[in-house]
Amino acid sequence: MSFLDGFYNRDDKDKDPQKEKDVKATSGGPAISEEERRALNQKIVEVLREIYDPEIPVNIYEMGLIYDVVISDTADVTIVMTLTTPHCPVAESMPGEIELKVRDVDGVGTVSVELVWDPPWDMSMMSEAARLEMGFM
């Protein structure tokens, strides 16, 4: 079940028929190759690098908030992520934003975002580039 499913409990008349067609064509379709999976992963990571926590001037990927990007054989995507703290002001909106942006990547089937707290995030999870950007190096 998608993170945003609770927000999209609408009548069928409100759904975008083109988006529904695109999802059906990709999700549950033929298996993607390992090369296609790598290319899709790269596109998803590029999108994740465009998303910033509003309080920290570093993208969420370099911050180490993305624990895993899992792409199924049918191009369905599960993103396992955390936040800097459970009390983060974007705890309710960030997973939905990520889901929406990853859904727009060509070739992606369904998208789900799993917000986890174990292991808890700490600054050692930041990339060297992020630590340098924040002045920790």
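Laboratory data are not the source of any read-out in this text; all were calculated from the coordinates shown. Remember, predicted model here, so these are calculated numbers, not experimental data. A quick note on method: Cβ atoms are made from the backbone with ideal geometry, for glycine too, and the neighbour counts reach across all protein chains shown.
Summarising the amide proton neighbourhood of GLU114: residues at separation of 5 or more, or on other chains, whose placed amide H is nearer than 5 Å comprise ILE79, VAL80, MET81. Subtracting the Cα-Cα distance of SER124 and LYS43 from their residue separation scaled by 0.36 nm leaves 26.6 nm. For the range 64-121, chymotrypsin sites (Phe, Trp or Tyr not before Pro) are listed when DSSP marks them as loop and at most 11 other Cβ atoms sit within 10 Å of their Cβ; the list is TRP117. Among residues other than GLU36 with Cβ under 15 Å from its Cβ, the summed charge is -2 (Lys and Arg +1, Asp and Glu -1).
The alpha carbon centroids of the range 69-91 and the range 42-66 are separated by 11 Å.
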